[in-house]
Amino acid sequence: MTSSTVTNRIDRMEAKDLVERVRDPDDRRSVRVRLTAHGIDVVDRIFRLHLANEARLLPDYEPADYQNLAGELRRLLEHFGDRLDRGRATGKPVENG
């Protein structure tokens, strides 16, 4: 993801009053992004909906199953993320394997 893509997304979220940019008091070059009160309300509402949908999709999963699934998905994302980053960095396609 490019910095301009991130900036564009933050701009859109800021326009919807979901986030705000805050200057870092210790480093004038840095800007932090934090949720607004409205953003927190939206995340809380969406997260409850997400959990309800997850329970509907995975009704037989126990807490340990969720932990295992999350670990495996994280491992998968790291694997593909690493491969994609190497491909972008070199400009060459990455072979499977």
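The values are calculated or read from the model by the stated rules, or taken from the named source; none is laboratory data. It should be emphasised that the depicted structure is a prediction, and the values quoted were computed from it without experimental measurement. A quick note on method: Cβ atoms are made from the backbone with ideal geometry, for glycine too, and the neighbour counts reach across all protein chains shown. Only protein heavy atoms, including side chains, enter the accessible area calculation; ligands, DNA and RNA are left aside. Shrake-Rupley method; radii C 1.70, N 1.55, O 1.52, S 1.80 Å.
What the table shows:
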{"item": "Scope region 1-20; condition open to solvent by 90 Å² or more (accessible area, probe 1.4 Å) and either in contact (Cβ under 8 Å) with a residue 12 or more places away in the chain or assigned to a loop (DSSP other than H, G, I, E, B) (or both); matching residues", "result": "MET1, LYS16"}
{"item": "Selection from region 65-74 of residues that are modelled with pLDDT under 90 and open to solvent by 100 Å² or more (accessible area, probe 1.4 Å)", "result": "GLN67, ARG74"}
{"item": "Filter pass, LEU57 being in contact with a helix residue (DSSP H, G or I) (Cβ under 7 Å, 6 or more places away or on another chain) and closer than 28 Å to GLY81 by Cα", "result": "no"}
{"item": "Tabulated pairs, region 23-51, first in contact (Cβ under 8 Å) with a residue 24 or more places away in the chain, second charged (D, E, K, R) and in a strand (DSSP E or B), C-beta under 9 angstrom, 6+ apart or interchain", "result": "GLY39/GLU20"}
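Residue by residue, here is whether (1) open to solvent by less than 80 Å² (accessible area, probe 1.4 Å); (2) over 18 Å from the mean Cα position of the chain (by Cα) holds:
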position: SER30; (1), (2): yes, yes
position: VAL43; (1), (2): yes, no
position: PHE47; (1), (2): no, no
position: GLU54; (1), (2): yes, no
position: PRO63; (1), (2): no, yes
position: GLU78; (1), (2): no, no
